[in-house]
Amino acid sequence: MKNISDIIEGYLKGIIEEESMGQIEIKRNEIAEMFQCVPSQINYVINTRFTVDRGYLVESKRGGGGYIRILRVRAHTKADLIEHIIVSLESGASESMTQDIVFRLIDEDVITKREAKLILAALNKKTLAIPLPARDELRARILCAMLLTLKYEKK
């Protein structure tokens with residue numbers, strides 16, 4: 001059974017995909033009322049499921065006429081997407097950042113779900129059982145190597 005966060009995420013993604021511009025503007029309170037939850041639940045979904053690493057930009061305007069704008073960002077080519085991700089890994093990669101990147105690669109049809117499972121298994125904190133910050137640096141280096149392989153394999 002899906003939890004409320006999954007349902008809200010699915011609803012918002014569905015609306016974004018339907019829009020020709022790939023973006024939506026929502027009012028947090030209206031969405032919270034629709035799903036009969038507290039507005040902070042909407043914040044949680046937006047902050048954790050609509051991140052830059054997953055391919056979204058989020059803007060918000062506070063106040064009475066305030067809104068939250070969610071924009072889906074897509075790379076021109078798969079190679080461009082991989083290159084963009086590699087650049088973002090220069091300062092290391094946390095486990096949650098890695099998960100977001102892998103989810104984006106699945107969404108953009110760069111990797112299969114099977115490949116995603118292999119990547120996540122290789123890069124989880126139990127596999128990379130070394131102290132921080134070395135763990136995040138090593139994770140980023142391994143992920144970059146995997147992405148470079150994909151970049152030249154999937155052209």
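Quick look at the values:
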{"item": "Virtual spin-label span in nm between Glu115 and Glu19, 7 Å along Cα→Cβ", "result": "2.9 nm"}
{"item": "Of Lys27/Lys125; Lys2/Lys151; Lys78/Lys117, pairs whose Cα-Cα distance is over 26 Å", "result": "Lys27/Lys125; Lys2/Lys151"}
{"item": "Total formal charge among the other residues, if their Cβ is under 12 angstrom from that of Ile86, Lys/Arg +1 and Asp/Glu -1", "result": "-1"}
{"item": "Given (1) 124; (2) 141; (3) 113, the label whose value is volume of the Cα convex hull per residue in Å³ derived from this model", "result": "(2)"}
{"item": "Label point 7 Å beyond Cα of Ser91 along Cβ direction - residues of region 112-141 with amide nitrogen under 15 Å", "result": "133, 136-137, 140"}
{"item": "Local electrostatic count at Ala129 - Lys and Arg +1, Asp and Glu -1, tallied over other residues with Cβ under 14 Å", "result": "+2"}
{"item": "Modelled FRET efficiency - R0 41 Å, Asn43 with Leu148, Cβ distances, 0.05 increments", "result": "0.70"}
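Read-outs throughout are calculated quantities, based only on the coordinates presented, and are distinct from any laboratory measurement. Not measured: the values here are computed from a predicted model. Positions of Cβ are generated from backbone atoms using ideal geometry, with glycine treated the same way; all protein chains shown enter the neighbour counts.
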